[in-house]
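Novice: Quick one: the structure is below, questions incoming.
The values are calculated or read from the model by the stated rules, or taken from the named source; none is laboratory data. No experiment lies behind these values; they were computed from the predicted model shown. Counting neighbours? That spans all protein chains shown, and the Cβs are built from the backbone with ideal geometry, glycine included. Only protein heavy atoms, including side chains, enter the accessible area calculation; ligands, DNA and RNA are left aside. Shrake-Rupley method; radii C 1.70, N 1.55, O 1.52, S 1.80 Å.
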Amino acid sequence: GHFVRALAGAGTDRIGVSIEHGEALRLHGEIDAAHEVLLRAGREAAEAGRPEDLARAALALGGGVAGFEVATRDLEQVELLRRADALLPDSQIGLRAAVRGRLSLALSGLAADLDRVELAESAARLAGEAGEGVIESAVLAAYCDAIAGPDHVAERVAAATRMLELADAVSIGDPRRVATVLLARRLLVVAHLEQGDLAAAEEQAL
């Protein structure tokens with residue numbers, strides 16, 4: 001309600017407030033309303049020449065820079081992410097990494113696996129260069145999604161292990177730490193099961 005009133009007022013940064021409004025709606029479980037608000041905010045940001053806000057809006061559709069769950073076959077989200085990747089300045093390394101990692105996920109079922117892998121690998125490299133551990137964890141999860149299957153078990157084990165290392169640098173009370181650890185261990189459970197190592201899988205599950 002506060003965001004609605006703010007948007008109705010004079011002198012409001014409508015793009016910035018709309019992004020925060022969309023994030024609040026999403027957290028409240030109003031996914032369809034959040035989607036509409038964030039898409040509109042992203043398009044307005046692109047038209048206004050505000051690529052960082054465009055990226056923020058696009059990423060908010062999937063839970064923010066650290067998110068790793070996205071709606072499949074959402075062409076509107078894919079469009080915003082592509083525009084953000086194209087318009088972000090070179091100085092925004094971490095934000096570009098988050099955008100490319102999310103794009104890799106959003107393209108599931110819409111693009112070749114090789115294209116998704118290249119996006120995720122690029123995102124992980126950029127996140128590492130930027131020293132953005134939370135973003136690196138999210139894009140490593142996207143990388144694991146792009147290389148799912150028994151042909152790439154070793155790569156997924158390495159990525160999940162790196163995610164656990166990155167989680168150690170996050171404050172214990174930060175919910176992103178818990179989410180990263182749980183996701184990494186889930187990835188390790190699956191990888192060990194694919195290798196037939198039931199003991200290792202059980203250790204991660206516990």
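Novice: Could you list, in sequence order, all residues of region 35-51 that are within 15 Å of Gly63 (Cα to Cα), of a type in the set (A, V, I, L, M, F, W, C) and touching a residue at least 24 places away in the same chain (Cβ under 8 Å)?
Specialist: Step one: filter region 35-51 for residues within 15 Å of Gly63 (Cα to Cα), giving 35-39, 42.
Narrowing further to those that are of a type in the set (A, V, I, L, M, F, W, C): 37-39.
Residue satisfying the conditions is Leu39 alone.
Novice: Please count how many residues of region 193-206 are touching a residue at least 24 places away in the same chain (Cβ under 8 Å) and either part of a helix (DSSP H, G or I) or in contact with a strand residue (DSSP E or B) (Cβ under 9 Å, 6 or more places away or on another chain) (or both). Write out each step before concluding.
Specialist: If we filter region 193-206 for residues that are touching a residue at least 24 places away in the same chain (Cβ under 8 Å), which is where we start, we get 194-195.
In the following step, the residues that additionally are either part of a helix (DSSP H, G or I) or in contact with a strand residue (DSSP E or B) (Cβ under 9 Å, 6 or more places away or on another chain) (or both) were identified as 194.
Total satisfying the criteria: 1.
Novice: Sticking with this one: Mind listing whichever residues of region 46-68 are of a type in the set (Gly, Ala, Ser) and more than 22 Å from Ile135 (Cα to Cα)?
Specialist: The answer is Ala46, Ala48, Gly49.
Novice: Are any residues in region 167-178 in contact (Cβ under 8 Å) with a residue 12 or more places away in the chain and open to solvent by less than 40 Å² (accessible area, probe 1.4 Å), and if so, which ones?
Specialist: The answer is Ala167, Val170.
Novice: Answer yes if at least one residue in region 1-20 is within 30 Å of Ile147 (Cα to Cα), surrounded by fewer than 24 Cβ atoms within 10 Å (Cβ to Cβ) and in contact (Cβ under 8 Å) with a residue 24 or more places away in the chain, and no otherwise. First the steps, then the outcome.
Specialist: Taking region 1-20 first, the residues within 30 Å of Ile147 (Cα to Cα) are none.
Within region 1-20 (the criterion being within 30 Å of Ile147 (Cα to Cα), surrounded by fewer than 24 Cβ atoms within 10 Å (Cβ to Cβ) and in contact (Cβ under 8 Å) with a residue 24 or more places away in the chain), the answer is no, since none of the residues qualifies.
Novice: Confirm whether Ala55 is in a helix (DSSP H, G or I), at pLDDT 95 or above and open to solvent by less than 30 Å² (accessible area, probe 1.4 Å).
Specialist: yes
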